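Working notes for the structure below.
The values are calculated or read from the model by the stated rules, or taken from the named source; none is laboratory data. The model shown is predicted, which means the values in this text are computed figures rather than measured ones. Note: ideal-geometry Cβ built from the backbone for every residue, glycine included; neighbour counts use all protein chains shown. SASA here: full protein model, heavy atoms, side chains in, ligands and nucleic acids out. Shrake-Rupley method; radii C 1.70, N 1.55, O 1.52, S 1.80 Å.
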Amino acid sequence: MLSNKIQDALNEQINAEFWSAYLYLSMGMHFEAEGRPGIANWFKIQFQEEQAHAQIFINYINQRGGRVVLKAIDEVPVTWDSPLDAFKATLAHEQKVTAMINAIYALTEQENDYATRDRLGWFVNEQVEEEDNARQLIDKFAMIGDNGMGLYMLDQELAGRVYNAPAALNE
Ligand code: MG
């Protein structure tokens, strides 16, 4: 049985993952409108990944006989100055998510909830990847600056990103 504290924290995290999904969909729609289909693609896949993160927590709460409570999703920004600006915002956001995951991890240890701690281990690793992905793209966009050909080629590269459902979704 999940403690109330853990259940509340997991429900907050579900809301944060859906907010992330909404943020990245908004970024995707911004770059779609800007004529950057590859960058839009990258963010639309990020949107799918975040929905999967929420779903993993939803599945987990249900597996533990808990109660999923869906809350209102706050408004998200709608424009960014440049791709570099959007990826900097992505990194800053993922760092916040990492802090949230770490806080729940610490809570599971206080509550002696080792099953939830183990489930969160997947997210701890996932956050390393999320931050690394954003950082690498910040470096690339910073390197090319306003170079039109560079931006075109990087957009083409990001058009190749495909969605792979995380294995944790089926556990
Ligand atoms: Mg996430």
Note on region 121-171: residues touching a Ser or Thr at 6+ places or on another chain (Cβ under 9 Å), open to solvent by 40 Å² or more (accessible area, probe 1.4 Å) and of a type in the set (S, T, N, Q) are Asn133
Among (1) of a type in the set (Ser, Thr, Tyr); (2) over 21 Å from Ile14 (Cα atoms); (3) surrounded by fewer than 12 Cβ atoms within 10 Å (Cβ to Cβ), which single condition is Tyr114 missing?
(2)
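Residue under question is Leu120, and the condition is that it be part of a helix (DSSP H, G or I) and within 17 Å of Glu34 (Cα to Cα); does it hold?
Considered against the rule, which asks whether it is part of a helix (DSSP H, G or I) and within 17 Å of Glu34 (Cα to Cα), Leu120 comes out as no.
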If you take the residues of region 28-79 that are basic (Lys, Arg) and part of a loop (DSSP other than H, G, I, E, B), which of them is surrounded by the most Cβ atoms within 10 Å (Cβ to Cβ)?
Arg36
Flag for Ala92 being part of a helix (DSSP H, G or I), hydrophobic (A, V, I, L, M, F, W, C) and over 13 Å from the mean Cα position of the chain (by Cα)
no
Out of the residues in region 30-50 that are over 19 Å from Pro77 (Cβ atoms) and of a type in the set (S, T, N, Q), state the one that is farthest from the ligand (Cβ to nearest atom).
Asn41
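Filter region 104-124 for residues that are closer than 17 Å to Ser20 by Cβ and not aliphatic (A, V, I, L, M) and give the result.
If the condition is that a residue be closer than 17 Å to Ser20 by Cβ and not aliphatic (A, V, I, L, M), then Trp122, Phe123 are the ones that fit.
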Among all residue pairs at least 6 apart or on different chains, which show Cβ distances below 7 Å where the first residue, located in region 120-133, is within 18 Å of Ile61 (Cβ to Cβ) and the second is more than 12 Å from the ligand (Cβ to nearest atom)?
Leu120/Ile104; Leu120/Tyr105; Leu120/Thr108
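If you scan region 95-106, which residues turn out to be among the polar types (S, T, N, Q), surrounded by fewer than 16 Cβ atoms within 10 Å (Cβ to Cβ) and either within 13 Å of the chain's Cα centre (by Cα) or closer than 14 Å to Glu129 by Cα (or both)? Break it down into steps so the answer makes sense when it comes.
Our first condition is that a residue be among the polar types (S, T, N, Q); within region 95-106, this holds for 95, 98, 102.
Of the ones still in play, those that are also surrounded by fewer than 16 Cβ atoms within 10 Å (Cβ to Cβ) are 95, 102.
Matches in region 95-106: Gln95 only.
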Return the pairs, sorted by first residue and then second, in which the second residue is aromatic (Phe, Trp, Tyr) and away from the ligand (no atom under 11 Å from the Cβ), the first residue lies in region 78-103 and is closer than 11 Å to Leu23 by Cα, the beta carbons are less than 8 Å apart, and the residues are 6+ apart or on different chains.
Ala86/Phe31; Ala86/Phe43; Ala86/Trp80; Ala89/Trp80
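Conditions (1) among the acidic types (Asp, Glu); (2) closer than 30 Å to Leu151 by Cα; (3) modelled with pLDDT of 95 or more, marked per residue:
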position	(1), (2), (3)
Glu50	yes, yes, yes
Gln63	no, no, yes
Gly66	no, no, yes
Ile73	no, no, yes
Pro83	no, yes, yes
Ala89	no, yes, yes
His93	no, yes, yes
Arg117	no, no, yes
Glu129	yes, yes, yes
